[in-house]
Amino acid sequence: MHGSLQVAAWEFRKTIRNRAVLVSTFLFPLLLVALSVLVPVLVERIGADRTYEIGVVDETQFILPVLENELADTVYRLRARDDLEAAEEELLAGELVGVLIISEEGLAHGAAEYWVRRAEDSPPDTVARALTKAVQETRLEAAGLDPEEVLPLTADVSLLTQPRAAPERTVGDLAVSMGLAFLLVLATLIIGGVVMNSVIAEKTSRTVEIILSSISPRELLLGKVLGYGVLGILQVMVWAAVGLVAATRFLPGIWTALTPAVVATALAYFVLGYLFVSSMYALLGAVLRDLQSSSQVVSWIAIIPAVPLFILSFIIQFPDAGWVRAMAHIPPFTAATMLFRTAVTDVPVWEILSTLAVLALADYLLVRLAAKVFQVGMLMYGKSATPREVWRWLRHREGARS
């Protein structure tokens with residue numbers, strides 16, 4: 001174990017001095033925060049005084065004044081037009097964002113035309129709602145009824161969801177757990193690839209034979225995994241801290257959701273989940289001949305721990321379903337699945353303990369497997385191992401130093 005710690009310390013010191021690592025750890029999250037906070041503010045200030053003009057051809061002669069009153073406090077300004085051709089020319093020239101055509105025949109069918117410049121443009125919802133209300137008011141007045149008395153009687157009824165089976169969760173709770181889950185998947189994928197490339201580099205280097213005269217293959221491999229693991233935890237801590245500071249602008253109560261239990265659970269799943277993914281990449285690196293070979297298969301391996309992201313909507317919708325619980329006990333998916341589940345439901349303590357135990361056991365077995373394959377595979381130069389060869393290596397007894 002002492003040899004593993006020495007390798008881990010050496011790998012960490014070597015990698016942390018890399019400028020690309022420093023940029024991705026510190027400057028990149030700060031840049032994202034700056035863009036996420038400053039850009040919306042700038043866009044809001046730029047567009048605060050902007051108005052959008054809509055040409056209106058009102059054949060009824062009485063809808064336009066009511067519609068103007070409905071849109072008085074919005075960014076839309078109505079301009080009466082009598083000539084359709086002239087209104088179309090203004091629209092195509094960009095002087096108008098749309099042309100609204102109101103006719104008795106159209107209203108009889110509950111519709112009005114709205115011309116736009118491009119096919120991908122669509123009528124603003126604000127204008128559509130205001131037109132509906134304006135037509136209702138004019139019709140009620142024509143029938144001798146008071147719109148202020150009748151319209152409230154016909155108002156839409158909305159359904160407000162109130163879950164009763166479990167304690168209510170705040171937006172901050174969801175943001176913390178979901179954010180940590182995404183950071184976990186991102187960090188393990190990035191650092192896992194680095195571990196694989198490092199293993200391949202060691203395997204193709206003749207100096208590894210000298211190193212293995214002092215430590216065992218398992219200690220060397222475990223040291224690499226641990227060294228990059230500390231780097232991964234550091235990166236996640238920095239990203240999470242910066243993300244929390246940025247989220248405070250939108251979710252003032254998010255810090256109250258960051259309880260010791262949440263932090264401890266997330267850290268446990270991150271460490272064990274990282275060890276599994278990194279060992280999986282290390283195993284892959286032990287059977288490949290060079291870095292060019294790794295680029296062909298790394299994308300396929302990256303899909304495995306990211307599977308929970310692809311079915312995130314189902315996990316959130318059915319967090320206590322049997323198949324989701326079963327998936328949480330499958331090591332490549334355990335960490336992300338459990339963090340997503342804890343974001344939306346109260347997971348029993350026994351499930352947290354059982355999934356952590358399964359993940360820890362899988363880590364131990366996979367590290368031993370990767371070390372065994374690495375021990376034999378480092379002797380193969382310029383050749384990738386086939387599945388049959390890997391199976392033959394595993395059947396051989398480990399050496400005294402492994």
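The values are calculated or read from the model by the stated rules, or taken from the named source; none is laboratory data. Worth saying up front: this structure is predicted, and the values here are computed from it rather than measured. Here Cβ is always computed from backbone atoms with ideal geometry, including for glycine, and neighbour counts include all displayed protein chains.
Name the one entry in SER36, SER4 that is in a helix (DSSP H, G or I), surrounded by 13 or more Cβ atoms within 10 Å (Cβ to Cβ), among the polar types (S, T, N, Q) and at pLDDT 65 or above.
Working: SER36 fails: at pLDDT 65 or above.
Result: SER4 is the single residue among SER36, SER4 that is in a helix (DSSP H, G or I), surrounded by 13 or more Cβ atoms within 10 Å (Cβ to Cβ), among the polar types (S, T, N, Q) and at pLDDT 65 or above.
Condition check ((1) modelled with pLDDT of 75 or more; (2) out of contact with any Phe, Trp or Tyr (no Cβ under 7 Å at 6 or more places or on another chain); (3) assigned by TED's automatic domain parsing to the domain that holds LEU365; (4) not aliphatic (A, V, I, L, M)) across all residues:
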position	(1), (2), (3), (4)
LEU221	no, no, yes, no
ALA268	yes, yes, yes, no
MET280	yes, yes, yes, no
ALA286	no, no, yes, no
ASP290	no, yes, yes, yes
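Within region 315-328, which residues are assigned to a helix (DSSP H, G or I), at pLDDT 85 or above and surrounded by fewer than 14 Cβ atoms within 10 Å (Cβ to Cβ)? Of everything in region 315-328, those that are assigned to a helix (DSSP H, G or I), at pLDDT 85 or above and surrounded by fewer than 14 Cβ atoms within 10 Å (Cβ to Cβ) turn out to be GLY322, TRP323, ALA326. If the requirement is being of a type in the set (A, V, I, L, M, F, W, C) and farther than 18 Å from THR51 by Cβ, which of these qualifies: LEU107, LEU100? Matching residue, one of LEU107, LEU100: LEU107. Quick one: would you say LEU379 is modelled with pLDDT under 70, assigned to a helix (DSSP H, G or I) and of a type outside the set (D, E, K, R)? No, not satisfied.
Residue count for region 96-111, restricted to those that are in a loop (DSSP other than H, G, I, E, B) and under 42 Å from the mean Cα position of the chain (by Cα): 4.
In region 112-120, is there at least one residue being outside any loop (DSSP other than H, G, I, E, B), among the hydroxyl-bearing types (Ser, Thr, Tyr), under 17 Å from VAL57 (Cβ atoms) and touching a strand residue (DSSP E or B) at 6+ places or on another chain (Cβ under 8 Å)?
Yes, some residue in region 112-120 is outside any loop (DSSP other than H, G, I, E, B), among the hydroxyl-bearing types (Ser, Thr, Tyr), under 17 Å from VAL57 (Cβ atoms) and touching a strand residue (DSSP E or B) at 6+ places or on another chain (Cβ under 8 Å).
Residues in region 82-95: is at least one touching a residue at least 40 places away in the same chain (Cβ under 8 Å), within 25 Å of GLU141 (Cα to Cα) and either among the charged types (D, E, K, R) or assigned to a loop (DSSP other than H, G, I, E, B) (or both)? So far as region 82-95 goes, no, none of its residues is touching a residue at least 40 places away in the same chain (Cβ under 8 Å), within 25 Å of GLU141 (Cα to Cα) and either among the charged types (D, E, K, R) or assigned to a loop (DSSP other than H, G, I, E, B) (or both). Annotation: of all residues in region 329-357 being surrounded by fewer than 14 Cβ atoms within 10 Å (Cβ to Cβ) and at pLDDT 85 or above, the one that is nearest to SER279 (Cα to Cα) is ALA357.
Quick check, is LEU64 surrounded by 13 or more Cβ atoms within 10 Å (Cβ to Cβ) and in contact with a strand residue (DSSP E or B) (Cβ under 7 Å, 6 or more places away or on another chain)? Here the answer is yes, as LEU64 does meet what is asked. Here is the figure for region 134-165: residues that are among the aliphatic types (A, V, I, L, M), assigned to a loop (DSSP other than H, G, I, E, B) and either touching a His at 6+ places or on another chain (Cβ under 9 Å) or modelled with pLDDT of 80 or more (or both) total 2.
Contact annotation: residue pairs with Cβ atoms under 8 Å, 6 or more positions apart or on different chains, pairing a residue in region 134-161 that is exposed (fewer than 10 other Cβ atoms within 10 Å of the Cβ) with a partner that is modelled with pLDDT of 75 or more, are THR154/GLN136. Please verify whether THR256 is surrounded by 18 or more Cβ atoms within 10 Å (Cβ to Cβ), part of a helix (DSSP H, G or I), of a type in the set (S, T, N, Q) and at pLDDT 65 or above, treating the condition exactly as stated. So THR256 does not fit the description; no.
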